[in-house]
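See below for the structure under consideration.
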Amino acid sequence: MPDTLLEVRKLTKHFAGVTALLDVDIDVYPGELLSLIGPNGSGKTTMFNCISGLLKIDTGSVRFKGADITRKRPDQIARLGLRRTFQDVRNFPNMTVMDNLLMAIQQQQEDNLIARAFRTPRIQEYEAIAYERARDVLELTELTRVKDQVAGSLSYGQRKLLEFACALMPDPDLILLDDPAAAVSATMITRMKAYIRELNQQGKTFLVVEHNMKVVMDLSQRIIVLDHGQKIAEGTPDMIRSDQKVLEAYFGD
Amino acid sequence: MNNAHIDVRTVLFWGISAVILLILPQLFPLGYLVNAMITTVVWIIFALAFDLSAGHVGAVSLGHAVFFGVGAYVAAIAAPQLGLGYFGSMGLSAVTMGILALIAGIAFFRIAEVSFAIGTLGALIIAQQIANNAYDLTNGPMCIQSVPNPTIHLPGNAISVTQPVEYYYALLPLLLLTLIVYRLLTTQRIGRAFASVREDEVRASAMGVHPLRYKLLAFSVGGALIGALGSFQAQYITVVCPSELAIDYTLTMLIIVFVGGAGRMRGVVIGAILFNTLPRILENIGGGTIPPAYQQVIYGLILLGVVLYMPDGIDGLITRLTGGRKSKRQVVTDA
Amino acid sequence: STAAQDEPEPIKIGLYAPMTGPVAFLGEGFELGATMALEELDYEIEGVPVELVVADNMCNPTDAVNAIRKLIEVDEVDVILGGGCSSATVAAQPIIAEGETPAVSATSTNPSIYDGMGVGGNIWQFRVNPDDLIMANAFADLIADDAGSLGLVAENTDFGRGALAAYKPLFEEMGVEVVYEDYFDLGTADYRAGLTAIRRANPDALLIVMTERDGSTFMRQLREVGLEQTIFSRGSLTSPLFVEFTEDDPTIGEGILEFSFWAFGLDPEHDEAFFERFDTANSPHRGMSYYVVKDVIAEAIRAAIEETGEATRESIRDALAEIDIETPIGPVAFDDHNQAYPFGTIQTIQDGVPTLLDTIELVPVERETSEE
Amino acid sequence: MSIELEIFLETIINGLTLGALYALVTMGLALIFGVARLVNFAHGDLFMIGGYALFVLLGVEGMELPYVLIVPLVVIVTMAFSWIIERTVIHRVINQSWRVHAVATLGISIVLQNIALILFTTDPKQTPTIFSRQIIEPFGVRMSMQRVIILVVVIVVFLGLQYFVRRTKLGKAIRAVSQNRDMCAIVGIDVKKIVMITFVISGGLAGLAGALLAPLYSVTPMMGSLLTLKGLAAVVLGGLGYINGAVFAAFGLGIIEALFSTYVSFAFKDVIVFGIFILFLFFRPQGIFGRRVGL
Amino acid sequence: MTENAVQSNETILAMRNIQAGYGDMTVLEDVNMEVKRGHIATIIGANGAGKSTLLKTIFGLVKPTRGSIVHQGEDIAGKGTLDVLRRGITFIPGGRANFPAMSVQENLEMGAYLRNDKDQIRAEIDQLCQRFPLLQEKRNTAVGNLSGGQQQMVEMAIAMMLKPDIMLIDEPTIGLAPLIVNEIFQVIQEINADGTTILLVEQNAKRALEVSDHGFVLELGRIRYSGAAEEIASFEEVYRAYLSER
Ligand SMILES: Nc1ncnc2c1ncn2[C@@H]1O[C@H](COP(=O)(O)OP(=O)(O)OP(=O)(O)O)[C@@H](O)[C@H]1O
Ligand SMILES: Nc1ncnc2c1ncn2[C@@H]1O[C@H](COP(=O)(O)OP(=O)(O)OP(=O)(O)O)[C@@H](O)[C@H]1O
Ligand SMILES: [Mg+2]
Ligand SMILES: [Mg+2]
């Protein structure tokens, strides 16, 4: 077992005219809960996109579980056990909530196309596991009531919760959450926090982007702060709270 | 949800459909009618195969007639030289068109949506021009003539297929295969993966789906089925012309699938039946006294009527009439 | 029994041709010609009423199969008039043979069906007009006499391709250099790029194989760019219809030398009557279907009734096989391949008027039996 | 001037006139696509209606209107047709996917073509004007005055359209609809009305194309089908909905087509035109002017 | 609680027995509420409670199946959005709501689409730009190229171009950094100070109630509590469910 689960080295990403990330290093250790914060447009989502393979990295490297995933396809990275949520909800809008959840897990369950087409007993077993997990996460997010509705007909917050639920469906080694608490009601945030903490205690690793400081401070063991694509601070919540640079760039008070 | 449970109504439906399919040409043995039945089955197969990519992974290609036409040319040019029989010829066309679709897919899936549709339409025009102008190979507009009537080699004896009724029964295995393949690919796990690719490729890939792989699966299986169909067509009509690559074919498929109900087997099949029978009905009403141009106008108006008054397609209408679940294209879990 | 029951069953003439789509003009021409012929016959032959039934073959084999089956099996026609679009004609052949219904082709010039007709196997298919091989053999030397080098221009259809395929080997034999050869899709709007290519190749003369529709646009643009080559035509660039299509500028068609069958001037009486009846000009498809219905099919029906007392598919076929008549378009009698040899015509447009210059007798040609 | 140079010059001019033809057709297609994501398979039929309108108006006995007056009349007639089509069909399907649009416009196309076939038969109608008969010889290339007029009109219409879309309130509303339809309801833009206006303008452009081009060619029921396909290719190539891109692409296609037909083969020209079209898309899927957005 | 000169006790918007939903599904059940002129009123509630639906119903995007919505003495239930807009009610939906390929200037012009006083519009845009330096700075930049927070500001400004009587704002702070959230609430207060009544939906309920005069709690499509903002915030139950996490 390597001592870092995810290792981002000197990651740089430009968009036409904009430097979204510049030489950023991030280490995520197994079993920790690390938060990534920073002002709007500081490059957090871009970082997620680069790690999960959705964006081509300009320079730098990403290693996950010891393997170089810099040039891997997003689906390969996902199947390696890295899952992420999207900040701007993009569930499959014409699929039911249930199908969204089943979809989230099925690629993780190893099998082949032929097995898939012909519903071998193993597939049936997988399917049973999937339904069971779906039931659990639906209950957690209070979406059971709407499980047969198409995702496009959910309220914004519900879709955000569905996004969260989808990330939990498979049993990934590393979960990247992008702004999970935004638009979510206080009750649900409390639950969400408790659940994340519980999973974390069971050994799951999280990398969380979040603008709700109460959530960040309550949950994180460590925080990294980005500004204008660069890392400006890194440390425990207490250290970050009192960091002058962070105060100026982010909290504003 | 419980899949072990077999729905009596489903069994009944398929049973009755199968019986009807089998006895239909015995009830109406007139060549004209059997020919119409054959064309209908051809269109059903074509439309289902087209729907695999258009309705399920959301890649609407307007170039599908390429697989049909080139499949027919392969059957007319190569199959006789290799001495292949009926099914051999179909297999050859299916394999070659499956591979062609695979290669074309890798190239064309770089583009999406309308660009993909128009781009593949461009490919169809290219193919048709080549068929029209590569005189030495295809005879151009003079067509490849007298494709031999096929023989079906069965253990023990060989049957020569010449009559429409024989062609009809010879085509049914392909229909059965298409229905099975369609069902296997569009329900449950693969169907869900297809749907995820259709809805949002980026998100699908973040969930471990390789979008290109699934699109290629739908595209090349569809291409192979249509290729086999092209082979049938060549052996049935016995003439292969550049008109087999006509844009009209794909436009008709577009009409059938999106008016019938994209992504739904029932809708697609009904669409294919309707839009094949409609012209036959029009050419015979009033004792066949309506001039063809007027028939076309009526056909166009009926098409518009369906588009305007059945916003969810024919399938949506049926769902509404039978009090089924309100549509919004709902997919897969227990399709 | 009542008079109505005495009324004999009508004889049905089926027409299969493209009636819609890009080449609908073929079917339309056939319908005009056949309609006029039937009107002149008063829809009656030997006291038996005659009907025309139309089926749209859309110029493709699949719809042709449907159309021909409809005519034979649903409408139960007694004789079929057809032509144009070899794709459709060829696909219809086995069904015509199987359906044992006589079919007469009026303008289809594709040499390939010759082999299959008559002693070739399909005794039910007849062709009145000469095919491309017959015509090329009769006319190629006339072109060769006039031109050392030649540009070949044809519509990109069975018609255009077929004609040039028949001419090309003959030109080669005669030492005419073909410096340009190209094919133009039906409905092409702008020919200038092709015309520039012709200017670049600079042949002595052009041989154009086009019908009035595309041909008039082509010629209009040819005049626009000012090409001055001698123009030979094997199509319908000197027909009254062509003149009508270029009536705004009568110089467009001036001096085109055309080698074909059916020409304006073979039957002045009909030419005039046609215009009066339809208020549109005549052309080969319209003219030929008129004669084929009025003279050939009607004659066969008449003979059949005389011979056997009634016009059945069988008796009409037998009568057709025996037919031997003089018609304004020339003699019609079928050889053992059910092929007739009417006049070949040489015509031009002079001072804006289609003018018949000469007729020549066409003769059978030696054919390589097809490879298959 | 050497003959080869002359030929080359003539080829380029041929390409420009072809490009002008495609550009006229493609502008309207791009406009309505940009606003409503509408792939209008009936666009070429509005072009055809323009041609027949010209034919009918030129033929009105006893009222020999000058061509310059007839052209705007033709545009008005096609706009009226577009309006009817919009009211009866388009506005009812406009909120659905482009696939449904495609099917609906195919239906319209079938109806229009066959009505034209019934009314006018297949005989090509001639619509000569004083300009189409007048031959000029710039740089030693013979051509009809009409072609120069077309080229000028294309440029003027293009610039006018750019001004309209960028500067006028209505033009901005059209762009607004193309960018965010939900938002239009929020600022009070009547999306359906804007779509209707755009469709009518687009139809008017097709009619204008018909009125300008028919004198060079001829008017038939099917004259628009092939052009629609090339026009759509130009729309895609230009970057879906970008009028400037579409016009650019139209001229590009025109020139390539002319070069290939003159120097290689006319029969195979569409192989090369669509081949280049497809290859281009492989390397630049978003088209000439299109931008890639999002991930 | 804001100091507001134009506050009064006049009811500007009243909902009576409103029932609304999508298709067969009823989301709002018997909703009764009143908003006073010049107030900022906040609606809080769990995800899926029907808050957005409520705003959409007022704006005419969702047609109520029962009940009335009274604006200045007239029932506007069932009216189209255009009518509602003309009456001076605007809506800023959650998520991005602007014309991304148009410049800030053009977006503001579109905001004034229903108005015809060209010169006045130009003057007002100048004014707005002076008041909010951000707009001035990015005046000719395409809005799509701005950061999320900046876009939210532009959206507020777009709504202001109509000089609305009432502004319906749905979750304006989603995804915004704390610094920007402060600014947004400041702007909302400024707009209100100019006399615009504001009906706000916000998950950041603590902050929202701080700037509000009145609060509503929506639960499963029904109004559960209604009252002065401080009062609502002080309910133990409400605090735990909606305010504890900020
Ligand atoms: N696809 C893209 N094309 C061009 N620029 C982009 C793209 N995606 C992001 N950017 C730019 O990159 C920078 C970083 O954006 P990013 O979305 O990573 O910020 P963020 O930290 O996630 O912000 P927020 O907290 O608002 O979510 C921004 O300036 C943004 O405008
Ligand atoms: N377009 C729609 N079609 C069908 N149902 C819908 C639609 N939009 C919302 N709903 C349903 O209406 C209910 C209320 O949705 P609404 O968006 O009003 O909630 P909300 O209170 O705004 O929630 P949130 O805080 O998550 O934004 C939800 O159960 C949702 O599933
Ligand atoms: Mg982000
Ligand atoms: Mg909401």
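The values are calculated or read from the model by the stated rules, or taken from the named source; none is laboratory data. The shown structure was predicted, so the numbers you read here are calculated from the model rather than taken from an experiment. For neighbour counting, all protein chains shown are included, and Cβ atoms are generated from backbone atoms with ideal geometry for every residue, glycine included.
Odds and ends about this structure:
- The C-beta contact set for the stretch A:38-51 (first residue more than 8 Å from chain E (Cβ to nearest Cβ), second residue within 16 Å of ligand 2 (Cβ to nearest atom), distance under 7 angstrom, 6+ apart or interchain) comprises A:Thr45/A:Gln87.
So that you can scan it fast, the table gives a plain yes or no per residue for (1) in the same structural domain as A:Ser42 (by the TED database); (2) more than 18 Å from the chain's Cα centre (by Cα); (3) in contact (Cβ under 8 Å) with a residue 40 or more places away in the chain:
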residue: A:Ile129; (1), (2), (3): no, yes, no
residue: A:Gln149; (1), (2), (3): no, yes, yes
residue: A:Leu177; (1), (2), (3): yes, no, yes
residue: A:Ala194; (1), (2), (3): yes, no, no
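- In summary, strands (runs of 3 or more DSSP E) completely within the stretch A:168-253 and bearing 3 or more residues that are closer than 23 Å to A:Asp136 by Cα occur at A:174-178, A:205-209.
- Meets criteria (among the hydroxyl-bearing types (Ser, Thr, Tyr) and either more than 10 Å from chain E (Cβ to nearest Cβ) or buried (at least 24 other Cβ atoms within 10 Å of the Cβ) (or both)) for A:Tyr156: no
- Residues that are of a type in the set (Ser, Thr, Tyr) and more than 16 Å from ligand 2 (Cβ to nearest atom) were ranked within the stretch A:159-216; the one that is nearest to A:Ala67 (Cα to Cα) is A:Thr205.
- Test: residue in the stretch C:280-289 that is surrounded by fewer than 24 Cβ atoms within 10 Å (Cβ to Cβ), of a type in the set (Gly, Ala, Ser) and over 17 Å from C:Thr327 (Cα atoms): yes
- Selected residue (only one of A:Asp58, A:Asp75 is in the same structural domain as A:Ile196 (by the TED database), closer than 30 Å to A:Asp111 by Cα and among the acidic types (Asp, Glu)): A:Asp75
- Any hit, the stretch A:199-207, residues being under 14 Å from the mean Cα position of the chain (by Cα), closer than 26 Å to E:Gly50 by Cα and within 16 Å of ligand 3 (Cβ to nearest atom): no
- The sole residue among A:Thr19, A:Thr45, A:Thr96 that is of a type in the set (Val, Ile, Thr), under 27 Å from A:Gln221 (Cβ atoms) and more than 16 Å from ligand 4 (Cβ to nearest atom) is A:Thr45.
- Within the stretch A:69-98, the residues that satisfy the criterion of being aliphatic (A, V, I, L, M) and more than 8 Å from every other protein chain (Cβ to nearest Cβ) are A:Ile69, A:Ile77, A:Leu80, A:Leu82, A:Val89, A:Val97.
- Any hit, the stretch E:61-72, residues being without any contact (Cβ under 8 Å) to a residue 40 or more places away in the chain, within 13 Å of ligand 2 (Cβ to nearest atom) and not basic (Lys, Arg): yes
- Note on the stretch B:174-198: among residues that are more than 23 Å from B:Ser89 (Cα to Cα) and without any contact (Cβ under 8 Å) to a residue 24 or more places away in the chain, the one that is farthest from the other protein chains (Cβ to nearest Cβ) is B:Ala193.
- Failed item in (1) touching a helix residue (DSSP H, G or I) at 6+ places or on another chain (Cβ under 8 Å); (2) surrounded by fewer than 17 Cβ atoms within 10 Å (Cβ to Cβ); (3) farther than 30 Å from D:Ile7 by Cα, with D:Phe139 passing the rest: (3)
- Unique residue being at the interface with another protein chain (Cβ under 8 Å from one of its Cβ atoms) and surrounded by fewer than 23 Cβ atoms within 10 Å (Cβ to Cβ) when the list is D:Ile7, D:Ile13: D:Ile7
- Taking the stretch A:12-38 as the range and being surrounded by fewer than 24 Cβ atoms within 10 Å (Cβ to Cβ), in a loop (DSSP other than H, G, I, E, B) and within 13 Å of ligand 1 (Cβ to nearest atom) as the test, the residues that pass are A:Ala16, A:Gly17.
- Filter result for the condition that a residue is more than 14 Å from chain D (Cβ to nearest Cβ), surrounded by fewer than 24 Cβ atoms within 10 Å (Cβ to Cβ) and closer than 20 Å to C:Val77 by Cβ, over C:Thr230, C:Thr312: C:Thr312
- Residue that is in a strand (DSSP E or B) and either crowded, with 19+ Cβ neighbours inside 10 Å or of a type outside the set (Val, Ile, Thr) (or both), where the choices are C:Ala55, C:Ala34: C:Ala55
- Of the helices (runs of 4 or more DSSP H) entirely within the stretch B:66-182, those holding at least 3 residues that are crowded, with 24+ Cβ neighbours inside 10 Å and at negative phi occupy B:86-108, B:113-133.
- Of the criteria (1) within 14 Å of chain A (Cβ to nearest Cβ); (2) within 28 Å of B:Leu124 (Cα to Cα), which one B:Ala228 fails: (1)
- Selected residue (only one of B:Gly58, B:Gly31, B:Gly63 is within 14 Å of chain C (Cβ to nearest Cβ) and surrounded by 19 or more Cβ atoms within 10 Å (Cβ to Cβ)): B:Gly31
- Qualifying residue in the stretch E:162-170 (condition: closer than 29 Å to A:Val216 by Cβ and in contact with a Ser or Thr (Cβ under 8 Å, 6 or more places away or on another chain)): yes
- Looking only at the stretch E:11-27, and only at residues there that are farther than 16 Å from E:Leu199 by Cα, within 16 Å of ligand 2 (Cβ to nearest atom) and part of a strand (DSSP E or B), the one that is farthest from the chain's Cα centre (by Cα): E:Met25
- Residue in the stretch A:217-236 that is surrounded by 23 or more Cβ atoms within 10 Å (Cβ to Cβ), in contact (Cβ under 8 Å) with a residue 12 or more places away in the chain, away from ligand 2 (no atom under 16 Å from the Cβ) and under 23 Å from A:Gln108 (Cα atoms) present: no
- Restricting A:Ala186, A:Ala233 to those that are out of contact with any Gly (no Cβ under 9 Å at 6 or more places or on another chain) and farther than 15 Å from A:Ile26 by Cβ reduces the list to A:Ala186.
- Yes/no for E:Ala177 being surrounded by 23 or more Cβ atoms within 10 Å (Cβ to Cβ), more than 21 Å from D:Cys184 (Cα to Cα) and either among the small types (Gly, Ala, Ser) or within 11 Å of another protein chain (Cβ to nearest Cβ) (or both): yes
- The stretch E:225-235: number of residues that are exposed (fewer than 15 other Cβ atoms within 10 Å of the Cβ) and either charged (D, E, K, R) or touching a residue at least 40 places away in the same chain (Cβ under 8 Å) (or both): 2
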